[in-house]
Amino acid sequence: MSLKYPDQAISGTVTKQRTQKSKVMVLPLLKLGTLALKTLSKPIAARLKKEAGLHPKFRHLIISMAQANHRMTTTMQRRLYGHATDVGIRPLNEEKAVQAAVDLLGEFFVFSVAVAALVFEVQRSARSEAKKEELRRQEMEKLRQRDEALEKEMEGLKSKIQELEQLAREKGLAGMFNLRHPHVKEGKTATPA
């Protein structure tokens, strides 16, 4: 790698260090964002719990959701540990089911916000990459056009050189530059005085 200026090596090192620092900064921000989402989900979970106590249809819905989740996780755990899966699973009592459903909805909320943030970041990154690719394509097009213009100019110069060489062969060097003696007129020869 050839460097035009000694500062390029330093500049490249500084750029790498900044990139590494930005990667290191992402982790604390990610943790902070996760903590903020969990903190925001607690009031939502409390609100869901309150709504479950007020509306019997909603309460029945989240209880059945919690019971289905309990059956599924218990069956999975039994399969993982090699226990019998055909044994009946005792349902949760109402309060535990409501609490489990509220926790499940809170986690679902956190997960969906995280997925939305991830999708947004991927789309933003894709748009940024598409813009960069378009700029690279435009730059390549400019370079191609400049290359074609230089090629045409070079062809023109080659043809002019060929014309000059042809003239030089036909008239000689003196004929090409119209180098004639100033006292000599055409058809007459100079006589010494």
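Read the figures in this text as sums done on the coordinates, not as results from a lab. Please read all numbers here as calculations on a predicted model, not as lab measurements. Virtual Cβ from ideal backbone geometry, glycine too; neighbours counted across all protein chains shown.
Rounded to the nearest 0.05, what FRET efficiency is calculated for T74 and A116 with R0 set to 41 Å and r the Cβ-Cβ distance?
Plugging the Cβ-Cβ distance into 1/(1 + (r/R0)^6) gives 0.85.
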Exercise for the section: Run the quick spin-label model on K31 and E95: label points 7 Å from Cα toward the beta carbon, then report their separation in nm to one decimal. Expected result: 3.6
Completion exercise
G106 neighbourhood, Cβ < 12 Å, K/R = +1, D/E = -1, net charge +2
Exercise for the section: Give me the distance in nm between label points sitting 7 Å out from Cα along the Cα-to-Cβ direction at E141 and L40, one decimal. Expected result: 4.1
Problem - Prolate/oblate/rounded label for the stretch 67-117 (Cα gyration tensor, a/c 1.5) - result: oblate
Exercise for the section: Tabulate in residue order the Karplus-calculated ³J(HN,Hα) for the stretch 148-163, using 6.51 cos²θ - 1.76 cosθ + 1.60 with θ = phi - 60°, rounded to whole Hz; enter x for Gly and Pro. Expected result: 5, 5, 5, 5, 5, 5, 5, 4, x, 5, 4, 5, 5, 4, 5, 4
Problem - FRET E, pair E153, A130, Förster distance 41 Å, beta-carbon r, rounded to 0.05 - result: 0.75
